[in-house]
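Single-structure report; data block below.
The values are calculated or read from the model by the stated rules, or taken from the named source; none is laboratory data. Here the structure is a predicted model, which means the values were calculated and not measured. Here the Cβ is made from the backbone with ideal geometry for all residues, glycine too, and neighbour counts use every protein chain on show. To get the accessible areas, we keep the full protein, side chains included, count just its heavy atoms, and leave off ligands, DNA and RNA. Shrake-Rupley method; radii C 1.70, N 1.55, O 1.52, S 1.80 Å.
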Amino acid sequence: MKHELVVVLDFGGQYNQLIARRVRDLNVYCEVKSYKTPIEEIKKMNPVGIIFTGGPNSVYLETSPTISPEIFSMGIPVLGICYGSQLMAHLLGGEVKPAEKSEYGKTETNFSADSLMFKDIPTKSITWMSHTDRIEKVPEGFKITAFSETCPVAAMENPEKALYAVQFHPEVQHTEYGQQILKNFLYNVCKVSGDWSMKNYINTAVNDVRAKVGEGKVLLALSGGVDSSVLAALLSKAVGNKLTCIFVDHGLMRKNEGDEVEAAFADRELNFIRVNAGERFLGKLKGVTDPETKRKIIGEEFIRVFEEEAKKIGKVDFLAQGTIYPDVIESGSGDAAVIKSHHNVGGLPDYVDFKDIVEPLRLLFKDEVRRLGRELNLPNYLVNRQPFPGPGLAIRIIGDITEEKVKILQDADYIFREEIAKAGLDTEINQYFAVLTSMRSVGVMGDFRTYDYTLALRAVTTTDFMTADFARIPYDTLAQISNRIVNEVNSVNRIVYDVTTKPPSTIEWE
Ligand code: XMP
């Protein structure tokens with residue numbers, strides 16, 4: 001795949017992936033690389049621009065991440081952000097020192113109108129700052145192009161050498177004109193044409209897959225999640241019925257979900273096998289209460305069912321995997337590839353006899369995968385699906401699992417989701433679901449005493465699912481949800497709303 005490329009060099013900043021996503025949103029392909037990547041390797045990649053991310057360290061300490069100053073004389077434009085801007089100043093002979101006061105949060109910043117970086121933005125606007133050190137003296141050949149009350153060098157540049165630096169974070173939404181500033185760097189400084197789009201991506205990916213697969217057979221474990229669904233749609237476009245998708249329905253999906261997944265693939269050219277294995281899974285889970293044991297049983301049983309079905313097909317040549325870019329990024333903190341181990345169905349490759357792997361989503365961020373899905377005409381309910389644990393409702397039922405409990409939870413969860421969508425909150429809340437606590441307590445229904453389950457509602461706002469806040473659902477909406485669930489679902493007589501953040505809680509209740 002040949003695209004204009006921007007390399008984002010990661011110095012351990014919390015926004016490294018966000019920078020890359022913003023660049024991609026501006027139709028420029030980019031890759032995140034560790035700051036330890038050898039200069040020779042960067043040269044070989046032939047980037048049109050390089051961006052240094054922020055990071056938590058101080059540039060003047062010996063142990064802090066750094067880079068060979070050669071990077072500034074390769075004739076490739078460089079943009080340093082936060083730590084990256086200080087590193088540029090430090091390495092080129094400027095001065096970086098701890099400021100008397102840290103600058104954190106929204107900051108009024110003044111911009112010089114004649115910088116290429118700040119074209120088409122007002123000379124005064126809000127930026128997002130988060131730093132303790134600051135540039136005290138710019139290197140020779142540089143001029144200051146932005147400042148704030150406490151930050152004398154909020155931006156600096158040496159246009160002759162195409163070196164630019166900003167102390168603030170253009171990638172975060174709180175920086176009012178952040179996206180325009182990044183666009184200016186890409187289009188005014190790096191002079192990109194903007195050749196990265198999902199339409200182009202489909203064409204290239206389809207051709208690449210065809211070239212690799214030839215007449216071979218491809219096998220895919222379809223979970224109904226966003227990644228595997230988009231992968232199925234893309235592969236069916238590329239290789240048609242040389243693709244077989246096996247969808248193991250473990251009976252622990254949300255209400256109607258199994259049918260929805262099946263319906264989405266009914267009209268496509270591919271072999272779709274749905275295995276309704278609900279009873280088999282419930283049998284294995286009978287009496288099991290420990291969440292880790294539940295996960296293990298489901299993982300193992302999944303592989304067994306998949307293997308049985310795969311054997312019926314005979315030898316396959318390729319196994320398709322829905323690996324996406326955040327799974328393969330090398331982080332600046334020096335760790336190798338980051339793998340969401342417990343989130344993936346581990347072990348599949350060992351059980352299936354195949355020649356090679358196809359991973360056409362390997363370069364994409366999650367939001368790009370969703371865009372790709374829309375381009376491929378997948379229905380919104382699949383493309384916008386919330387994260388859903390592989391073991392499904394099994395871990396949202398505390399304690400032992402029975403068919404009855406699964407049904408209660410499916411029905412209650414369905415009402416919850418319906419009401420959230422009706423209230424127009426489904427785009428604001430990133431994940432929301434019901435949990436069957438398996439705790440029972442006394443209630444009254446008409447003239448009768450009841451002894452029924454307590455259901456918990458969980459709804460969170462989050463960007464990365466590593467930390468989360470509970471969603472501030474209006475009381476009236478909660479009242480409506482509670483009312484409907486206790487009236488429409490048997491065996492629930494009490495509803496509680498989870499008001500904890502993550503940490504100290506997690507998003508799921510296991
Ligand atoms: P926790 O509960 O750890 O969850 O705060 C963080 C996010 O991960 C999702 N999750 C999973 N996703 N397979 C997945 O694909 C899994 O096994 C799994 N377990 C948790 C969870 O829903 C939340 O979004």
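Summary table below
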read-out	value
Set LYS237/LYS422; LYS199/LYS255; LYS255/LYS366; LYS315/LYS405; LYS255/LYS502; LYS366/LYS502 screened for pairs whose C-alpha atoms are more than 29 Å apart	LYS237/LYS422; LYS199/LYS255; LYS315/LYS405
Residues whose placed amide H lies under 5 Å from that of THR145, excluding near-sequence neighbours	ALA155, MET156, GLU157
Sequence-distant residues sharing a close amide H with GLY80 (under 5 Å, placed H)	PHE52, TYR164, ALA165, VAL166
In degrees, nearest ten, helix 226-239 long axis to first principal axis of the chain (Cα)	90
Angle in degrees between helix 475-488 and the longest Cα principal axis of the chain, rounded to the nearest 10	20
Residue-by-residue Karplus 3J(HN,Hα) for segment 76-88, coefficients 6.51, -1.76, 1.60, Hz, glycine and proline x	9, x, 10, 10, x, 10, 6, 3, x, 6, 5, 5, 4
Segment 200-237 and segment 431-481: distance between their alpha carbon centers, rounded to Å	39
Accessible area in square angstrom per residue, the chain, 1.4 angstrom probe	46
Within the chain, helix-based [θ] at 222 nm, where runs of 4 or more DSSP H residues each add -39,500 (n - 2.57), nearest 500	-9500 deg cm²/dmol
With every protein chain in place, the chain: carbon and sulfur % of accessible area (1.4 Å)	49
Ranked order, GLU292, GLU260, GLU103, GLU41 - accessible area, probe 1.4 Å, largest first	GLU292, GLU41, GLU260, GLU103
Centre separation in Å (Cα based) which lies between segment 244-268 and segment 288-308	19
Using alpha-carbon coordinates, inclination of helix 16-25 to the longest axis of the chain, degrees	90
Antiparallel bridge percentage (DSSP; both residues within the chain; nearest 5)	50
For GLU160, net neighbour charge (Lys/Arg +1, Asp/Glu -1) across residues whose Cβ lies under 15 Å away	-1
Surrounding net charge for GLU262, when Lys and Arg each add one and Asp and Glu each subtract one, Cβ distance under 13 Å	-3
Filter on LYS43/LYS124; LYS106/LYS143; LYS33/LYS137 - keep pairs with C-alpha separation over 32 Å	LYS43/LYS124
³J(HN,Hα) computed for each position of segment 89-103 - Karplus, 6.51 cos²θ - 1.76 cosθ + 1.60, integer Hz, glycine/proline x	4, 4, 6, 9, x, x, 10, 10, 9, x, 7, 5, 10, 5, 10
Karplus 3J(HN,Hα) series, Hz, for segment 154-166 with 6.51 cos²θ - 1.76 cosθ + 1.60 (x for Gly, Pro)	7, 7, 9, 7, 10, x, 4, 9, 6, 10, 9, 8, 10
Size of segment 172-294 as Cα extents on the principal axes (Å, biggest first)	63, 44, 24
Amide H partners (placed H, <5 Å) of PHE272, local residues excluded	CYS245
Binned Cα-Cα distance frequencies in the chain - 20 Å width, integer %	20, 45, 30, 4, 0
Mean separation of Cα contacts under 8 Å (6+ apart) over length of segment 168-257, as relative contact order %	22
